[in-house]
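Asks: Please read through the structure below; I'll follow up with questions.
The values are calculated or read from the model by the stated rules, or taken from the named source; none is laboratory data. Just so it is clear, the structure is predicted and the values come from calculations on it, not from any experiment. Here the Cβ positions follow ideal geometry from the backbone for every residue, glycine too, while neighbour counts run over all protein chains shown. Accessible surface is based on the protein model in full, side chains and every heavy atom, while ligands, DNA and RNA are left aside. Shrake-Rupley method; radii C 1.70, N 1.55, O 1.52, S 1.80 Å.
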Amino acid sequence: MASASELTHTKLYPLVHSTKDREWFSLMDMTQRSTRAVKLFYYLLLTKPLKLLNYSLQYNTLWYGKPLGTLMTCFLPVEPLAYLVVEGAKRIQDKLFPRNDFDSDSIFFVSPKGFLSSFLWDFHKNFSVYVTGFMICRDSDGSVASDAVAHTWYDHLMNKFFWRDLLTKAGANTPRELARWKGGKLESFYEIDCDVVFKLPDSYLGIGDKFLDKGKDFNTTEDLVDMLKKDYMDSEVLLLELVRPATGMEVHQLDILTIASEDEGVKCFNVIYWGGCTDGKSSHSTTEGYLVDVETETITSKTNWYSAYFVDMEAKQIGTKIPGLKKAVASVIAAHKLHPYKWCRVIGWDCIITNRGPVFFEGNIAAHRTPRRVTLGSKNAFSFATAFGL
């Protein structure tokens, strides 16, 4: 088995995993994180002005619509101000016409308390993704990759079928696909004799997931078909075995991030353990997040910097061993190396440790996960820029 030094990025991994505790999501913290994103933007504007302009037009029109996105791009020299104005307008709009965004109900996007802190969080959440996205969404020749930009919005190429195939090619374990629902018909591949989870192939944040215990939520395949007809008639659905954690472990998920860096090749730069899952089924009900050391396979510190939801979490699991983590990291590095799209520079891999070792649910282009690591410390942003070859 490879050592951690062979698996982890020598600069980025220590930066993220040695993050010092502070008053997270305070006004000072949100000001510092936002300022780091702004500094990174101006560094990229000065060094890659035309490519940043091209990227900005594509990104802004995708996320904000053509009229507003084009207008925002016209103000590229003061783009941070444009994003601040848009965030302010969105707040007014939400007061007048309340709505739910894609992240409204997710614990991973909970805002801090206080008007200014929460406003800066909203600004940072969106502006840091935009800025970091430029470093990510580039092809092997450095040009802006339109498919990569599109994937910050919707996974039109890399859906769950894609990730399952890629992981299988790399020799990694994935949950068995028991059946597939498509066109109002169920195609079975195995006898359904276990608990089941419904998964939409192009969804995110657990949207559309349904966890079903055999003998409790359903008894026969016909029961499943009835549910599919009722709730998923016009959708394509994967029916996967509901994977359980290894004996003695709680329901959890490992969030492993890899980067195809210019300086060290494909390496891991962060591992988070999501635990304390209140529904006993999915990490989307997690109440605890921790950094895990790859070499020792040990939980080392809490990730109370991830969202305001975790600020006051009780660190119950420091020192807990996660056996099989190193094997999981080696597996996703192998999978990342096989990835056909070179613009997919950072990937977040979702994994659970089971009695048969690591089992992977999927990967995702980590366009929304990476920015939180990029602005976490004073040295992070430019270290990431160097790793991306900028």
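Asks: Does segment 33-43 hold any residues that are out of contact with any Asp or Glu (no Cβ under 8 Å at 6 or more places or on another chain) and either crowded, with 18+ Cβ neighbours inside 10 Å or aromatic (Phe, Trp, Tyr) (or both), and which are they?
Replies: Once the filter is applied, which keeps residues that are out of contact with any Asp or Glu (no Cβ under 8 Å at 6 or more places or on another chain) and either crowded, with 18+ Cβ neighbours inside 10 Å or aromatic (Phe, Trp, Tyr) (or both), segment 33-43 yields 33, 34, 36, 37, 38, 40, 42, 43.
Asks: Got at least one residue in segment 254-267 being open to solvent by 40 Å² or more (accessible area, probe 1.4 Å) and assigned to a strand (DSSP E or B)?
Replies: Looking for residues that are open to solvent by 40 Å² or more (accessible area, probe 1.4 Å) and assigned to a strand (DSSP E or B), one finds none in segment 254-267, hence no.
Asks: Here is a list of conditions, (1) surrounded by fewer than 16 Cβ atoms within 10 Å (Cβ to Cβ); (2) among the polar types (S, T, N, Q); (3) under 21 Å from residue 329 (Cα atoms), and residue 203 meets all of them except one; can you say which number that is?
Replies: (3)
Asks: I've got another one for you. Among the listed residues 381, 330, 335, 385, identify the single one that is open to solvent by less than 10 Å² (accessible area, probe 1.4 Å), assigned to a helix (DSSP H, G or I), closer than 24 Å to residue 295 by Cα and among the aliphatic types (A, V, I, L, M).
Replies: None of the others qualify; the one that does is 335.
Asks: Would you mind stating whether residue 158 is open to solvent by less than 60 Å² (accessible area, probe 1.4 Å), assigned to a loop (DSSP other than H, G, I, E, B) and out of contact with any Leu (no Cβ under 7 Å at 6 or more places or on another chain)?
Replies: yes
This table checks each residue for (1) at pLDDT below 95; (2) of a type in the set (A, V, I, L, M, F, W, C); (3) in contact with a Leu (Cβ under 6 Å, 6 or more places away or on another chain).
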{"site": "50", "(1), (2), (3)": "no, yes, no"}
{"site": "63", "(1), (2), (3)": "no, yes, no"}
{"site": "70", "(1), (2), (3)": "no, no, no"}
{"site": "103", "(1), (2), (3)": "yes, no, no"}
{"site": "113", "(1), (2), (3)": "yes, no, no"}
{"site": "127", "(1), (2), (3)": "no, yes, no"}
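Asks: Out of curiosity, is residue 314 of a type in the set (Asp, Glu) and over 23 Å from residue 26 (Cα atoms)?
Replies: no
Asks: Quick check on residue 387: is it of a type outside the set (Lys, Arg), at pLDDT 95 or above, out of contact with any Pro (no Cβ under 6 Å at 6 or more places or on another chain) and farther than 19 Å from residue 248 by Cα?
Replies: So residue 387 passes the test.
Asks: Only one of these is open to solvent by 10 Å² or more (accessible area, probe 1.4 Å) and of a type in the set (Ser, Thr, Tyr): 278, 286, 303. Name it.
Replies: Exactly one residue qualifies, and that residue is 278.
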